[in-house]
Amino acid sequence: MTRKHVFTTVALLLLPALASAHPGHGDGVLAGASHPLSGLDHLLAMVAVGLWAAQQQGRGRWALPCTFLAAMLLGGVLGFAGVSLPGLESGIAASVLALGLAVALAIRPPLPLAMLATAGFALCHGLAHGLELPAMASAWTYALGFIGATALLHGAGFALARWMPRAAAPLVRLAGLGAAIAGGYLLAV
């Protein structure tokens, strides 16, 4: 499947939410989309996943973002059901630190290990999203919003890392270092 097919498929999957004619449905999508965009911890982690994926080879480039999205959706569903983890915010901050370090150091672990770590981080983010479902929003339109926004942030990080000139590539590592520092700060406060 080419990139064009992937982007077309994603656009078509998001189209029904935009065409919804019933009041309140759009609110769920917008609320869901705003959650990953409004919190610095979520924003940094989502972009870092895209940056890290771009540093991988072969299937890792798609496997990491797809794993994150799937595990985040699972976490969201668990959050909708009221499941929570102690130290959830610390887990999210730790994900920012770890993903930032992975980018800064351009770590390329075996793909199953990278996917497992990515899934664990995503589960924390998904739980947080699911637990913050607005009272009047549909869980599924809200999930569509946070999944769509997350996919766009992954794509932005991926595009930034893959399509910048080679001479500017160290900036990706610096961005990772910045995310790691922010994650360390979030853990400390």
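For the residues Pro65, Pro109, Pro165, a GNM of the chain with alpha-carbon springs under 10 Å puts the largest fluctuation on Pro165. Largest GNM mean-square fluctuation among Ala122, Ala169, Ala106, using the chain with Cα springs under 10 Å: Ala169.
For the stretch 44-188, calculate the relative contact order in percent as a whole number, restricting contacts to Cα pairs under 8 Å that are 6 or more residues apart.
Reported as a whole number, the value is 45 percent.
Computed per residue of the chain from DSSP H runs no shorter than four, each worth -39500 (n - 2.57), the mean residue ellipticity at 222 nm is -27000 deg cm²/dmol.
Out of (1) 12.2; (2) 15.1; (3) 10.8, which label holds the value of mean projected area of the Cα convex hull in nm² that was computed here? For mean projected area of the Cα convex hull in nm², the calculated option is (3).
Computed over the chain with a Gaussian network model linking Cα atoms closer than 10 Å, the most mobile of Ser38, Ser84, Ser138 is Ser38.
The calculated FRET efficiency for Leu105 paired with Val189, based on their beta-carbon distance and R0 = 30 Å, is about 0.80.
Bear in mind that the values in this text are calculations on the coordinates, not laboratory data. A quick note: this is a predicted structure, and the numbers were derived from the prediction, not measured. Reconstructed Cβ throughout: ideal geometry from the backbone, glycine too, with neighbour counts over all protein chains shown.
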